[in-house]
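A short worksheet on the structure shown next.
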Amino acid sequence: MTKPRNPRPVSNQKAPEASKPVAPFKRIPENPPSAKRPEGRDSKRNPHAKTSSAVRPRPNLERTGSERPRPQQEKPPRPGFGSGSGALVNRRAADRLRSGYLWVYASDIETLSLPDAAAPPALMPVADSRGLLLGTALYSPSSQIVLRMVSREALDEAGWLPLLASRLRQAIARRKPMLSDQNDACRLCFSEADELPGLVVDKYGDLVILQLLAKGLDSDAVRQTCVRVLREELAPSAILERPDPRMRELEGLSAPSAEPLYVKNSKAATASTQFHLNGLLFQYDANSGQKTGAFLDQRTNYAAARDWAQRLGATGRALDVCCYQGGFALHLAQVCRQVTGIDSSRASLEVAERNFEANRGRCTAQVDWVDADAFQILRDWSDAGETFDAIVLDPPAFAKSQRAVEGALRGYKELNLRALKMLRPGGLLVTCSCSHHVGWAELEASVASAAIDVSRRVRLLERRGAALDHPVVLNLPETEYLKCLVLEVE
Ligand code: SAH
């Protein structure tokens, strides 16, 4: 077992032997062009801007009586926002909202009525250009996503808070059957997918982490409502708010208090705990790590990777590329002889090592962690003729916008090509993309193209998505982002 150690040059690195722990590597600064991280703000751009007519056909108004345009004589007066605030949206946005979509982009707003711009409201009514009410939305003055619908009705704050409470209760009720001693962490509320745009709530053991990712949610009343429901439903030991720095900037959110929103026992440590996924134990620290702390969406894919490795007999050497805190690696370590996890974040690898220590009794493999750039090290190892029985590729979202898809696909192809080169015949490739903008067909085409280039045949065993606590809503394409292909490499 090797902890991340001092870096040394990569060029002459060999992949670890089962008997020889690997020395961790220096990070290689330059990525191939394909590996460039996407620009921050792009994910907030209108993903339909270029492709709207091709990708998202307008609803057929003839077939939905309630959506038929009103006859001329019934034409309502111009929007009745009175002295209050409100937004009129263009036809494209209105059609989308009527077909179940929840966002309105800045470019689709025709008129914004804002009597007091210095004190923008959390909620505002939204109407189409003829003044027909489409519903009520959370308002984000500084974001590209200006409106997030919370109701098809007119709603004021007095009506919104009880609605928020009841939707959060429903979201939790949907997760409760998924929770057990073996799985005591999950996403309790997944924003739009639970009809609560901007609200993410994750449970890690006895801690609950709240993220308020839309300006309209950034209020004490919303915090108190969430805390009340979470306490009543789950009796956690603490509830903490954890900011998402990028969303904080995009939405202009206030700095969350360093104090917990709720703590049962003021003397106990509140920011750290442990949680279980598929029976394995993981460390949690609310003040570090990525996302809210872990990639809970991969939970069922961890188990699938382990089970497929066993089923295929791919239980020799395994590689977890972009391993973060070791989710896939530790599951593979239950069935494989030797597992190597690669990540460019040393801090993540240190937690991965602690996680491995906590599960020694449940893992049979020898495990190594390597601090390196995935593109560089896979190129070096595949050129050096290293071989593995099972490889997992779970890189960060390469395409955070439609514009970044082409580069992202080159990145996916490169990683898959290197992995395919290193896999033994009959080996297992689990390859993931968490970019909403990269669809199944595109991901599969890039893996297929990599397979052709290295003269390997791949058989699709399974197409998998995120765990069920990250539900996909068909009218909200953005809720389907995680794609996981399980492949046997002949
Ligand atoms: N598989 C992980 C989640 C991976 S998230 C899990 O299930 O928990 C993506 C990870 O890729 C992050 O940990 C990030 O630090 C790492 N990463 C990003 N760019 C990288 C690069 N170029 N090389 C290696 N790791 C990288």
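The values are calculated or read from the model by the stated rules, or taken from the named source; none is laboratory data. Please read all numbers here as calculations on a predicted model, not as lab measurements. Don't worry about glycine lacking a Cβ; one is built from the backbone with ideal geometry, like all the others, and counts go over all protein chains shown.
Residues checked against (1) over 29 Å from residue 199 (Cβ atoms); (2) out of contact with any Phe, Trp or Tyr (no Cβ under 7 Å at 6 or more places or on another chain):
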position	(1), (2)
303	no, yes
324	no, no
328	no, no
335	yes, yes
338	yes, yes
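Being away from the ligand (no atom under 16 Å from the Cβ) and part of a loop (DSSP other than H, G, I, E, B) is a condition met by at least one residue of segment 425-444. For segment 287-307, residues that are crowded, with 22+ Cβ neighbours inside 10 Å and over 26 Å from residue 271 (Cα atoms) total 3. Take residue 346 and tell me if it is surrounded by fewer than 24 Cβ atoms within 10 Å (Cβ to Cβ), within 12 Å of the ligand (Cβ to nearest atom) and more than 20 Å from the chain's Cα centre (by Cα). So residue 346 fits the description; yes.
You will find that of 339, 335, the residue that is among the aliphatic types (A, V, I, L, M), under 25 Å from residue 462 (Cα atoms) and in a loop (DSSP other than H, G, I, E, B) is 335 and no other. Here's a check for you: in segment 304-326, which residue that is in a helix (DSSP H, G or I), in contact (Cβ under 8 Å) with a residue 60 or more places away in the chain and within 13 Å of the ligand (Cβ to nearest atom) is farthest from residue 430 (Cα to Cα)? Checking each candidate, the answer is 304.
Check residue 239 against each of (1) buried (at least 18 other Cβ atoms within 10 Å of the Cβ); (2) of a type in the set (A, V, I, L, M); (3) modelled with pLDDT under 95 and name the one condition it does not meet. Going through (1) buried (at least 18 other Cβ atoms within 10 Å of the Cβ); (2) of a type in the set (A, V, I, L, M); (3) modelled with pLDDT under 95 one by one, residue 239 breaks only (3).
Residues being in contact (Cβ under 8 Å) with a residue 60 or more places away in the chain and under 21 Å from residue 140 (Cβ atoms) are entirely absent from segment 229-238.
Is there any pair with a first residue in segment 452-480 that is without any contact (Cβ under 8 Å) to a residue 60 or more places away in the chain and a second that is buried (at least 16 other Cβ atoms within 10 Å of the Cβ) and in a helix (DSSP H, G or I) whose Cβ atoms are under 7 Å apart and which are 6 or more apart or on different chains, and what are they? Short answer, once both residue conditions are applied: 453/417; 454/417; 454/420; 454/421; 456/420; 457/451; 458/447; 458/451. Just so you know, in segment 355-397 the residues that are under 27 Å from residue 412 (Cβ atoms) and of a type in the set (Phe, Trp, Tyr) include one that is farthest from the ligand (Cβ to nearest atom), and it is 388. Filter segment 342-375 down to the residues that are assigned to a helix (DSSP H, G or I) and among the charged types (D, E, K, R), then identify the one that is farthest from residue 306 (Cα to Cα). Among those residues, the one meeting the criterion is 346. Flag set for residue 427, criterion: more than 17 Å from the chain's Cα centre (by Cα) and either among the charged types (D, E, K, R) or surrounded by 24 or more Cβ atoms within 10 Å (Cβ to Cβ) (or both).
Scanning segment 241-261 for residues that are of a type in the set (A, V, I, L, M) and in contact with a Ser or Thr (Cβ under 7 Å, 6 or more places away or on another chain) returns a single hit, 250. Filtered by the rule that a residue be within 20 Å of residue 191 (Cβ to Cβ) and not small (Gly, Ala, Ser), segment 96-107 gives 96, 97, 101, 102, 103, 104, 105.
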